[in-house]
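See structure below.
Any read-out appearing in this document is the output of simple, stated calculations on the displayed coordinates, not a laboratory observation. Since we're looking at a predicted model, the values are computed, not measured. Here Cβ is always computed from backbone atoms with ideal geometry, including for glycine, and neighbour counts include all displayed protein chains.
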Amino acid sequence: MSGNGKLNMVGLCGSLRAGSFNHALLRALPDLAPERMAIAEAPPIGTIPLYNADVQNQSGFPAEVMALAEAIRAADGVIIASPEYNYSVPGVLKNVLDWVSRVKDQPFRAKPVCLQSVSGGQLGGARMQYHLRQIMVFLGADVFTTPEVFVGGAQQKFDAETLALTDEGTRDFVTRQLKAFADYVDRVSG
């Protein structure tokens, strides 16, 4: 918990697309979070190069990787919102996790992590979440399990122009998840 008495969360998006529904969901989270939770976006990940052990050995870690690792370390928890690509985790997100997992004092170890996904399909990214959960368990993260947030039919739940989350049922469910995640962070960090 920070000096302001709030749980500080970092939100990481698994999509680089300008019109990403997952990024739109992350932008909606601060308004849906309990009073005692502050949510800031993670440093940008779009310029992180593909993981290559030769690059790491010759040049060390890119500054963007270290900025993300520090943001994760400083946070009380991490919220990852990601689309599902080909039944799994998008390459950009997997790449970021591959880089960060190699940083000294790996920042995901024992870090509370909450998963969310949005898609145009009915399953709302469920298969991606199950693969991501496996990755996070390997990294030693404390993965929050319920309630899960899978937002299907995204086109009907976000405003077409502004990408604001307009569906009240989804807003209510995400609010419940964030409150439960705050309680979880208190328990595992206590």
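Counting beta carbons within 10 Å around each of ARG27, ARG36 and listing the fewest first gives the order ARG36, ARG27. Across the chain, the volume of the C-alpha convex hull divided among the residues equals 112 Å³ per residue.
With 0.36 nm allotted per residue and the present C-alpha distance subtracted, the ARG187-ASP31 stretch has 53.8 nm of extension available. Restricting the chymotrypsin sites (Phe, Trp or Tyr not before Pro) of region 72-105 to loop positions (DSSP other than H, G, I, E, B) with no more than 12 neighbouring Cβ atoms within 10 Å leaves TYR87.
By the equivalent-ellipsoid construction on the alpha carbon gyration tensor, region 52-143 comes out with semi-axes of 24, 16, 11 Å, ordered largest to smallest. Dipole size of region 95-190 about its Cα centre, with +1 on Lys/Arg Cβ and -1 on Asp/Glu Cβ: approximately 420 debye, rounded to the nearest 20. The modelled label-to-label distance between ALA18 and GLN156, using points 7 Å beyond Cα along the C-beta direction, is 2.9 nm. About its Cα centre, region 7-184 has a charge dipole of approximately 360 debye under the convention of +1 per Lys or Arg Cβ and -1 per Asp or Glu Cβ, with nothing else charged.
Against the empirical 2.2 N^0.38 Å (N residues), region 48-104 has a Cα radius of gyration ratio of 1.20. Largest GNM mean-square fluctuation among GLU168, GLU70, GLU148, using the chain with Cα springs under 10 Å: GLU168.
In the elastic network of the chain, a GNM with C-alpha springs shorter than 10 Å, the most mobile of VAL78, VAL143, VAL103 is VAL103. Between ASP167 and ASP54, the FRET efficiency estimated from the beta carbon spacing at R0 = 41 angstrom works out to 0.30.
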